[in-house]
Amino acid sequence: MRGTSERNILDQFCIDFCKIVEQHCKYIIVSGFVAISSGRTRATEDIDMIIEKLSIEKYKRLHEDLIQAGFICVQEDSAEEIYSYLTDNTSVRYIKNNNPLPEMEIKFVKDKLDEFQIQTRIKLPLTGLDVWFSSINMNIAFKEEYLKSEKDLKDAVHLRKVYPELVNEHEINNIKKLIKELKL
């Protein structure tokens, strides 16, 4: 497990952002940051987050709390406009204190696969971060079946090596079937 002395700017950004979001809704961190926070060495400029669908009123409160903590939405200042992006299945990006990097890219749950990810979220003690991640099996399935870039395939190999006790091939294959049905 990574300790607090091993935290970098990306880790702290993630922790700070997630603390606020967790007060308003369920969320998960997905994609590359799962592998990076689990010890894979590769660069990234953003962290990907999926959050539950919120009403406009709840989203406004979340947005206000993010602004109070120094986060800024890159696309828009108006909570109503940002909300319209999210409800149109468009992601939005937040930065902190006008620093262009890192970014948190957030989007609403958009289908039953995203809902399943939220339901099966997990904290990964190895990361040293007290944040919610999508499951290791979900990450592997997405990287191998949907994303398929060289870096994503290497992320999947890394996750298989680091979390052998969490890897379930049957579950990965079932998730891959769902991906084919819903995403491809």
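When you scan the range 112-124, do you find a residue that is touching a helix residue (DSSP H, G or I) at 6+ places or on another chain (Cβ under 6 Å), outside any helix (DSSP H, G or I), within 29 Å of Ile20 (Cα to Cα) and touching a residue at least 12 places away in the same chain (Cβ under 8 Å), even just one?
Residues of the range 112-124 touching a helix residue (DSSP H, G or I) at 6+ places or on another chain (Cβ under 6 Å): 113, 117.
Okay, now just the ones that are also outside any helix (DSSP H, G or I), so none.
No, there is no match, as no residue in the range 112-124 is touching a helix residue (DSSP H, G or I) at 6+ places or on another chain (Cβ under 6 Å), outside any helix (DSSP H, G or I), within 29 Å of Ile20 (Cα to Cα) and touching a residue at least 12 places away in the same chain (Cβ under 8 Å).
Within the set of pairs 6 or more residues apart or between chains, which connect a residue that is free of Cβ contacts under 8 Å to residues at least 40 places away in the same chain and on the phi > 0 side of the Ramachandran plot inside the range 90-101 to a residue that is part of a loop (DSSP other than H, G, I, E, B) and surrounded by fewer than 14 Cβ atoms within 10 Å (Cβ to Cβ) with Cβ atoms less than 8 Å apart?
Hits for this filter: Asn97/Gly70.
For the range 18-80, which strands (runs of 3 or more DSSP E) that fit wholly inside it have 2 or more residues that are in contact with a helix residue (DSSP H, G or I) (Cβ under 6 Å, 6 or more places away or on another chain)?
27-30, 46-51
Of all the residues that make up the range 86-111, how many are surrounded by fewer than 17 Cβ atoms within 10 Å (Cβ to Cβ) and part of a helix (DSSP H, G or I)?
Counting residues in the range 86-111 that are surrounded by fewer than 17 Cβ atoms within 10 Å (Cβ to Cβ) and part of a helix (DSSP H, G or I) gives 1.
Those residues that are of a type in the set (Val, Ile, Thr) and within 17 Å of the chain's Cα centre (by Cα), I need them from the range 27-72; list them, please.
The answer is Ile28, Ile29, Val30, Val34, Ile36, Thr44, Ile47, Ile50, Ile51.
Looking only at the range 24-82, which residues are within 25 Å of Lys123 (Cβ to Cβ) and of a type in the set (Ser, Thr, Tyr)?
If the condition is that a residue be within 25 Å of Lys123 (Cβ to Cβ) and of a type in the set (Ser, Thr, Tyr), then Tyr27, Ser31, Ser37, Ser38, Thr41, Thr44, Tyr59 are the ones that fit.
Out of the residues in the range 153-182 that are in contact (Cβ under 8 Å) with a residue 12 or more places away in the chain and of a type in the set (D, E, K, R), which is surrounded by the fewest Cβ atoms within 10 Å (Cβ to Cβ)?
Checked the range 153-182; the qualifying residue surrounded by the fewest Cβ atoms within 10 Å (Cβ to Cβ) is Lys180.
Here's the yes/no breakdown for (1) among the basic types (Lys, Arg); (2) touching a residue at least 40 places away in the same chain (Cβ under 8 Å); (3) surrounded by fewer than 19 Cβ atoms within 10 Å (Cβ to Cβ):
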| position | (1), (2), (3) |
| --- | --- |
| Asp11 | no, yes, no |
| Cys14 | no, yes, no |
| Ser31 | no, yes, no |
| Ala35 | no, yes, no |
| Gly39 | no, yes, yes |
| Met49 | no, yes, no |
| Lys58 | yes, no, yes |
| Glu76 | no, no, yes |
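No lab work stands behind these numbers, since they all come straight from the coordinates. These numbers come from a predicted model, not from an experiment. Please note: Cβ atoms are built from the backbone with ideal geometry, for glycine as well, and neighbour counts cover all protein chains shown.
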